1. For the range 36-50, does any single residue satisfy the condition of being in contact (Cβ under 8 Å) with a residue 40 or more places away in the chain, in contact with a Leu (Cβ under 6 Å, 6 or more places away or on another chain) and surrounded by 15 or more Cβ atoms within 10 Å (Cβ to Cβ)?
2. Quick one: what pairs do we get from the range 114-138, first residue farther than 21 Å from Ile104 by Cβ, second assigned to a helix (DSSP H, G or I) and modelled with pLDDT under 80, C-beta under 6 Å, 6+ apart or different chains?
3. Of the residues Phe60, Phe65, Phe33, which single one is buried (at least 16 other Cβ atoms within 10 Å of the Cβ), within 14 Å of the chain's Cα centre (by Cα) and closer than 22 Å to Leu121 by Cα?
4. Can you tell me how many residues in the range 102-116 are assigned to a helix (DSSP H, G or I) and either more than 16 Å from the chain's Cα centre (by Cα) or surrounded by fewer than 17 Cβ atoms within 10 Å (Cβ to Cβ) (or both)?
5. Any residue at all in the range 101-119 that's at pLDDT 95 or above and either farther than 24 Å from Glu21 by Cα or small (Gly, Ala, Ser) (or both)?
Amino acid sequence: MADVRIHYRKTDIYERLVDEEGIFDSYVDLFVFAACRGYAEGERDQSDYKGDAEMLWMHFGNKDFHRAAAACIAYQTTNDPNSLMDHEEQLDILAQYASAGADILQDDYGEVKGSPLNSLLNDVKQYEPDSDEEEGGVSALEKLRKDMNM
């Protein structure tokens, strides 16, 4: 695999949700979440999405969800099956959605007093289908809460 990387716009919300609040374990996790949020809201920043921060594809190497999200969003955006294997295109498209998504997150959680964790989880719940249950009756939101040690 080539040394695939993209420069992206890292806003203050990255420091807030990763470094200060510890809601996300890494900038990579928040980058993917912000991209998913931007995609879910239909918001994509195609002109002003590059910045000084750098995202490398190798950071996605052992994270199946991140790679799957990148491939799905790239394919849904381009409608080109080749995008499923084009990691550079996937990162570029994710950076566009992550830029818009970070702005949405900043608007929603940037000025929240205290930890925005509960607000964020409540917002995630709105995207969860009512009938989406896993084995044992555990919903995707409950699994997220468990994964985040809540």
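1. Within the range 36-50, not a single residue is in contact (Cβ under 8 Å) with a residue 40 or more places away in the chain, in contact with a Leu (Cβ under 6 Å, 6 or more places away or on another chain) and surrounded by 15 or more Cβ atoms within 10 Å (Cβ to Cβ).
2. The qualifying pairs are Asp132/Ala140.
3. Phe33
4. Residues flagged as assigned to a helix (DSSP H, G or I) and either more than 16 Å from the chain's Cα centre (by Cα) or surrounded by fewer than 17 Cβ atoms within 10 Å (Cβ to Cβ) (or both) within the range 102-116 amount to 2.
5. Yes: the range 101-119 contains one or more residues that are at pLDDT 95 or above and either farther than 24 Å from Glu21 by Cα or small (Gly, Ala, Ser) (or both).
The values are calculated or read from the model by the stated rules, or taken from the named source; none is laboratory data. Remember, it's a predicted structure, so these values are computed and weren't measured experimentally. Here Cβ is always computed from backbone atoms with ideal geometry, including for glycine, and neighbour counts include all displayed protein chains.
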